[in-house]
Amino acid sequence: MQKILLTGILLCTLSTPALAEESFGKAADNKLQKCTANAENTLASVECYDVALAAWDAELNNQYRLLLANGSAEFKSAMKVSQVAWIAYRDAYIKAMQSDYRQRQGTIWGIIMSEARLRITRDKAIELYKLRKSTDLGN
């Protein structure tokens, strides 16, 4: 009986973060999806991605602050170094993508570039969120 109860508690504990992860960022993604569905041209689509990028960038910064809030001095220092390196990577990656997309014909490449900029920021925000949740065993 105790094994069954313990198993049930463990499953509930493990499934709660999974449910939270599924809903993390859904509002921003849903807003982007509605915006792009209603966009009447390429410029409007790019503007949708710019709004979503700003929302995800704000979430990335929020997750970074929350992650550092309870960390040791050593962890904070290492995360700052890591984040500075990631920003350099992000900027170099975007620059490389832009150099390729500028050579291509058609307005779709502006949308593809906007999506790439959003994706790299979104992925990092989710990564920081998962790291924070995996280290927050008390909640």
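The values are calculated or read from the model by the stated rules, or taken from the named source; none is laboratory data. Just so you know, these numbers come straight off a predicted model, no measurement behind them. Surface accessibility is based on the protein's heavy atoms, side chains included, excluding ligands, DNA and RNA. Shrake-Rupley method; radii C 1.70, N 1.55, O 1.52, S 1.80 Å.
Given a 1.4 Å probe and the protein chains as shown, E74 ends up with an accessible area of around 150 Å².
T42 exposes around 40 Å² of accessible area when a 1.4 Å probe is run over every protein chain in place. Coupling constants for the stretch 102-118 follow from the phi torsions by the Karplus curve (6.51 cos²θ - 1.76 cosθ + 1.60, θ = phi - 60°), and in residue order they are 5, 7, 8, 8, x, 7, 4, 5, x, 5, 4, 5, 4, 5, 5, 4, 5 Hz; glycine and proline get x. My understanding is that a pair violates if its Cα-Cα distance is over 25 Å; which of K95/K124; K31/K80; K76/K133; K80/K133; K31/K124 do that in this structure? Checking Cα-Cα distances, K31/K80 exceed 25 Å. Solvent-accessible surface of the stretch 17-139, taken per residue with a 1.4 Å probe and all protein chains present: 64 Å². Apolar share of the accessible surface for the stretch 26-139: 54 percent from carbon plus sulfur atoms, 1.4 Å probe. Largest accessible area first, the residues S99, S114 order themselves as S99, S114 under a 1.4 Å probe with ligands, DNA and RNA left out.
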